[in-house]
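A.B. asks: Quick one: the structure is below, questions incoming.
Read-outs: derived from the displayed coordinates by stated rules, not from any lab. Predicted model only: the values in this text are computed from it and were never measured. Please note: Cβ atoms are built from the backbone with ideal geometry, for glycine as well, and neighbour counts cover all protein chains shown.
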Amino acid sequence: MILAIGEILYDIFPEYKRLGGAPFNFAFHVKNLGKPVRFISRVGNDLEGKGIINFLQQHDLPIENIQIDNRHNTGKALIELNGKGVPAFNILPDVAYDYIEFNTSIASLLNADTELIYFGTLAQRSEYGFKTIQRILSQRAPLTKCLYDINLRPHCFTKQVVVESLRQCDLLKLNDEELEILKQIFAFKKSSRSFIEHLMIKYRLEMLSLTKGKNGSELFTLDKHFQKEPEKLNNTADTVGAGDAYTAMLSIGYINKWLPEQILEKASEFATRICEIEGAVPTDPAFYKKISVSIKGKQNEKA
């Protein structure tokens, strides 16, 4: 089972709205790609929160760990797209997912059945959220791995949050812009490649995944480096959620022990397909059928 922790919110586009939040997008993909998943988040006791609960139930995503907040509203992000469909986010502060509570239900999930915990940075922007998520990570079972999908949003992170999260993770996912931000945070003056090697050694990372948009992606292990050219985009709607789709496939490939080249191939392919729809997750379940078949094919090929 994969456990995802963090925000679920409404992405408000100029002409429509969609459910979003990197941890939700990730959990939605993982579930529809055939892997058991549990999702920990918090929504307001408002119309948006009720809409989220209904959506999750309709799509067979467990709601046992979706907390209801009577004091704070459901999260929202106001999104503007440039001419190439690339989003700019205005994420509203002080909302329900900033106050996720550690409870007995969460504690019961921190056992050997949980293979991987996915978490990010945004839901740690409040002191309350930071303490909750770090507590969850510190109490995981010894064999449970952690995937830190860094997702650095302006004014929504501190060096303390980043450092403590790096200390907890086994796999790190970031993009080229976030890599440069990290270099600034750590005042690292050498090359990006040297910085990646530094991160992997200092924080004992098993794997580091770097996405670079139109320049493809890279995957680093302690002793090897792999590259993938970008997939060809046919009809781009927007790029919202492409990184989350990439991370979902990365997690499945890691758990299923795919070769690094296979992880890069399938993660790139899946992220490209997400760019061809509006928003971060598809509304048609049939979207996943071809993807699921290809995953099984990779598993069989590895076997």
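A.B. asks: Please list the non-local residues whose amide H lies under 5 Å from the amide H of K76, H modeled 1.01 Å from N, same-chain partners needing a gap of 5 or more.
C.D. replies: Correct list: Y10, L92.
A.B. asks: Which of these values of semi-axes √(5λ) of the Cα gyration tensor in Å was calculated from the structure shown: (i) 33, 23, 16; (ii) 26, 23, 21; (iii) 41, 30, 16?
C.D. replies: (ii)
A.B. asks: Calculated from DSSP H runs of 4 or more alone, at -39500 (n - 2.57) each and per residue, what is the 222 nm mean residue ellipticity of the chain, nearest 500?
C.D. replies: After summing the helix terms and dividing by the residues of the chain, the value is -11500 deg cm²/dmol.
A.B. asks: Whose amide H sits under 5 Å from the amide H of M207, counting only residues 5 or more places off or on another chain, with H placed in the peptide plane?
C.D. replies: L172
A.B. asks: Another one. Please order I100, I2 by the number of other Cβ within 10 Å, starting at the fewest.
C.D. replies: I2, I100
A.B. asks: Exposure proxy check: L205, L92 ranked by fewest other beta carbons within 10 Å?
C.D. replies: On the way: L205 19, L92 14.
Starting with the residue having the fewest Cβ neighbours, the order is L92, L205.
A.B. asks: 5 Å is the cut-off here: which amide hydrogens, built 1.01 Å from N in the peptide plane, fall below it relative to Q67, excluding neighbours closer than 5 in sequence?
C.D. replies: S41, R42, V43
A.B. asks: Can you give the relative contact order of the chain as a percent, counting alpha carbon pairs under 8 Å and 6+ residues apart? Walk me through the numbers on the way to the answer.
C.D. replies: On the way: 580 pairs, mean separation 48.3, N = 303.
Reported relative contact order: 16 percent.
A.B. asks: Another one. Taking every DSSP beta bridge that has both residues in the chain, what percent is antiparallel when rounded to the nearest 5? Don't skip to the end; give the middle numbers.
C.D. replies: On the way: 18 of 45 bridges.
The antiparallel proportion sits near 40 percent.
A.B. asks: Still on this structure, I have one more. Enumerate the aspartates and glutamates that K50 could reach by cross-link, defined here as Cα to Cα under 20 Å, with residues fewer than 8 away along the same chain left out.
C.D. replies: Here the aspartates and glutamates satisfying the reach criterion relative to K50 are E7, D11, D60, E64, D69, D94, D98, E101.
A.B. asks: Now a separate question. Residue-wise, which Karplus ³J(HN,Hα) couplings in Hz belong to the stretch 61-68, taking 6.51 cos²θ - 1.76 cosθ + 1.60, θ = phi - 60°, and x for glycine or proline?
C.D. replies: Working through the residues one at a time gives 9, x, 10, 4, 10, 9, 7, 9 Hz.
A.B. asks: Which helices, taking whole DSSP H runs in the chain, have alpha carbons extending 18 angstrom or more along the helix axis plus mean Kyte-Doolittle at least 0.0?
C.D. replies: Once both thresholds are applied, what remains is 242-255.
A.B. asks: Okay, next question. May I ask what percent, to the nearest 5, of DSSP beta bridges between residues of the stretch 38-187 are antiparallel? Each step should come with its number before you reach the end.
C.D. replies: Numbers: 5 of 16 bridges.
Antiparallel bridges: around 30 percent, rounded to the nearest 5.
A.B. asks: About the Cα centre of the chain, how large is the charge dipole given +1 on each Lys and Arg Cβ and -1 on each Asp and Glu Cβ? Please answer in debye to the nearest 20. Walk me through the intermediate numbers first.
C.D. replies: Working: 38 positive and 37 negative charges, 141 e Å.
That gives the chain a dipole magnitude of about 680 debye.
A.B. asks: Relative to the compact-globule scaling 2.2 N^0.38 Å, provide the ratio for the alpha-carbon radius of gyration of the stretch 114-226. Provide the component values of the computation, followed by the final result.
C.D. replies: On the way: Rg = 13.7 Å, N = 113, 2.2 N^0.38 = 13.3 Å.
That works out to 1.04 for the stretch 114-226.
A.B. asks: Going by how many other beta carbons lie within 10 Å of each one, how would you line up V86, V161, fewest first? The partial results should precede the final answer.
C.D. replies: Numbers: V86 14, V161 21.
By the 10 Å Cβ count, ascending: V86, V161.
A.B. asks: Continuing with the same structure: Local charge sum around H72 (other residues, Cβ-Cβ under 11 Å, Lys/Arg +1, Asp/Glu -1)? Don't skip to the end; give the middle numbers.
C.D. replies: On the way: positive: R42, R71; negative: D46, D69, D94, D98.
Surrounding charge for H72 is -2.
A.B. asks: Return the whole-Å distance between the Cα centroid of the stretch 90-112 and the Cα centroid of the stretch 153-219.
C.D. replies: 24
A.B. asks: Ok, one more. Work through the residues other than K189 whose Cβ is under 14 Å from its Cβ and net out their charges, Lys, Arg +1 and Asp, Glu -1. Please list the in-between numbers first.
C.D. replies: Working: positive: K183, K190, R193; negative: E180.
Net of charged neighbours comes to +2.
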